[in-house]
Amino acid sequence: MNGKVYLVGAGPGDPELLTLKALNILKRADVVLHDELVEAEILAFIPSAARIQNVGKRCGGKSTSQREINSLLVQYALLGLQVVRLKGGDPFIFGRGGEEMHALREAGIEVEVVPGITAALGAASAAQIPLTHREISSSLVFLTGHHAESASSDHWPDAIGPDATVVVYMPGRDYQATAQKLRAAGVSPETPCAVVSRVGSRDERVHKTTVEKLPSAPNLPAPALVIVGEVVRFADHRSLHEQIPQFVVREDEVLQGELLRTTERGTEERA
């Protein structure tokens with residue numbers, strides 16, 4: 001009898017953000033194939049008798065190809081084992097979970113997906129950035145700076161509205177290219193953005209800037225992502241206190257203006 005494979009989201013890094021279901025599945029696992037960046041505190045929940053294998057992608061080092069990972073998942077399941085594919089964030093948001101699910105279905109292996117807190121939500125919470133806001137952000141766009149080698153283009157949208165919040169996963173170190181793509185999609189150079197690094201870890205950092213100045217932002221340690229939009233003006237994080245304030249006056253003007261407009265609308269409705 002075949003085993004079963006669980007595609008489990010480990011969340012953004014903090015073990016307290018792991019879901020209860022993910023924890024229970026980890027405690028019953030026979031085999032765990034995990035990403036490089038899954039924290040040691042989360043791996044500590046795995047039974048000592050389980051086989052634990054790091055199949056993460058490592059820049060500049062030996063990596064396990066996606067084809068090899070798919071094959072391992074199938075082989076372990078065919079042995080009748082309970083297999084966990086433990087992935088940072090959420091399996092289905094730039095996590096290759098769809099590719100692994102397809103390979104398992106093709107092999108006739110039962111698969112269950114356990115969602116996790118994706119990096120965008122973890123980063124936004126850590127930096128106190130509301131990804132949506134009734135007054136200034138009515139849409140949310142997730143993009144990635146990393147693509148499969150077979151992809152013919154990066155498939156970024158041709159136009160991004162001024163009321164959108166954009167989150168760029170895996171931007172790499174070429175912030176110049178990210179800024180250029182945002183500008184090409186119509187994003188104003190004055191739009192605030194934030195680079196959020198190592199969410200959920202002791203090394204968590206946030207750097208706030210604008211799209212125009214993004215190319216000169218420091219290359220913070222991976223994993224990192226970039227949040228773009230007017231909502232970034234709300235950002236507050238201990239690491240920001242080390243920066244020279246760039247937005248203080250404008251932030252106050254924007255937020256006070258939004259509050260005034262909201263009050264005026266409320267007065268008109270009551271009248």
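The values are calculated or read from the model by the stated rules, or taken from the named source; none is laboratory data. Note that the structure is a prediction, hence the values are computed from the model and not measured. In this analysis, Cβ positions are derived from the backbone assuming ideal geometry, glycine residues included, and neighbour counts consider all displayed protein chains.
Odds and ends about this structure:
- Residues of the stretch 223-261 satisfying the condition of being at pLDDT 95 or above, of a type in the set (Gly, Ala, Ser) and in contact with a Lys or Arg (Cβ under 7 Å, 6 or more places away or on another chain): Ala235
- The stretch 24-46: number of residues that are in a helix (DSSP H, G or I) and under 17 Å from Gly200 (Cα atoms): 4
- Yes/no for Val84 being at pLDDT below 95 and either surrounded by 14 or more Cβ atoms within 10 Å (Cβ to Cβ) or touching a helix residue (DSSP H, G or I) at 6+ places or on another chain (Cβ under 6 Å) (or both): no
- In the stretch 162-177, the residues that are in a loop (DSSP other than H, G, I, E, B) and either over 14 Å from the mean Cα position of the chain (by Cα) or among the polar types (S, T, N, Q) (or both): Pro162, Asp163, Arg173, Asp174
- Scanning the stretch 100-135 for residues that are β-branched (Val, Ile, Thr) and either touching a Pro at 6+ places or on another chain (Cβ under 9 Å) or closer than 17 Å to Leu72 by Cα (or both) yields Ile109, Val111, Val113, Val114, Ile117, Thr118.
- Residue in the stretch 91-100 that is surrounded by 17 or more Cβ atoms within 10 Å (Cβ to Cβ) and either in contact with a Phe, Trp or Tyr (Cβ under 7 Å, 6 or more places away or on another chain) or more than 30 Å from Ile227 (Cα to Cα) (or both) present: yes
- Only one of the numbered conditions (1) surrounded by fewer than 14 Cβ atoms within 10 Å (Cβ to Cβ); (2) under 16 Å from the mean Cα position of the chain (by Cα); (3) under 22 Å from His241 (Cβ atoms) is not met by Ala127, and that is (1).
- Cβ-Cβ distances below 8 Å connect the following pairs, each with a first residue in the stretch 171-195 that is among the acidic types (Asp, Glu), a second residue that is modelled with pLDDT under 95, and a separation of six or more residues or different chains: Asp174/Gly145.
- Flag for Leu182 being over 21 Å from Gly122 (Cα atoms) and either of a type in the set (A, V, I, L, M, F, W, C) or crowded, with 21+ Cβ neighbours inside 10 Å (or both): yes
- Of all the residues in the stretch 1-56, those that are of a type outside the set (A, V, I, L, M, F, W, C) and crowded, with 20+ Cβ neighbours inside 10 Å number 6.
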